[in-house]
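Just so it is clear, none of the values below were taken in a lab; they were calculated from the coordinates. Here the structure is a predicted model, which means the values were calculated and not measured. Every residue, glycine among them, receives a Cβ derived from its backbone with ideal geometry; neighbour counts consider all protein chains shown.
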């Protein structure tokens, strides 16, 4: 018997001139290229971790609707990263919590546009989880982020 063939791993630098030595995309050879996320990321440096971030503004106002909340949530994450002298290109992981998976899936094109407007073309490893509800009842989405800033 022949042992099963295991995929080899390609390490691809994240496409950003601003992040010399920044996160690298981990893509097993032979796997289809993911769209809008990475299968894995590798990075060395100072870690920045957010809590669960929702889409309220500086005044605590939560906009109505899924898309406006996602946009504000991503902007909030970008602001937290900036406080840590980081940016979206340093992201290595995002975990999305949504209260309605169908709402997420029905808005993929708009979500992609909003994501690129706020974070650019950098796609870290991501997970998406549907939850029964979030702590803030009116919230439709909550996102946790992990970034690594090179030393």
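Tabulated values for the structure
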read-out: Nearest-ten-degree value, helix 66-83 long axis tilted from longest Cα axis of the chain; value: 70 degrees
read-out: Among 129, 92, 53: highest mean-square fluctuation, GNM of the chain, C-alpha pairs under 10 Å; value: 129
read-out: Computed helical MRE - 222 nm, the chain, DSSP H runs ≥ 4 contributing -39500 (n - 2.57), nearest 500; value: -7500 deg cm²/dmol
read-out: Taking segment 44-149 and dividing mean pair separation by its residue count, relative contact order in percent (alpha carbons under 8 Å, at least six apart); value: 46 percent
read-out: Zero-based 5 Å bins, Cα pair distances in segment 44-149, whole percents; value: 2, 13, 24, 28, 19, 11, 3, 0
read-out: For peptides 40-47, 131-138, sequence by mean Cβ density within 10 Å, most packed first; value: 40-47, 131-138
read-out: 10 Å binning of all Cα-Cα separations within segment 17-61, expressed as whole percents from 0 upward; value: 18, 32, 32, 15, 3
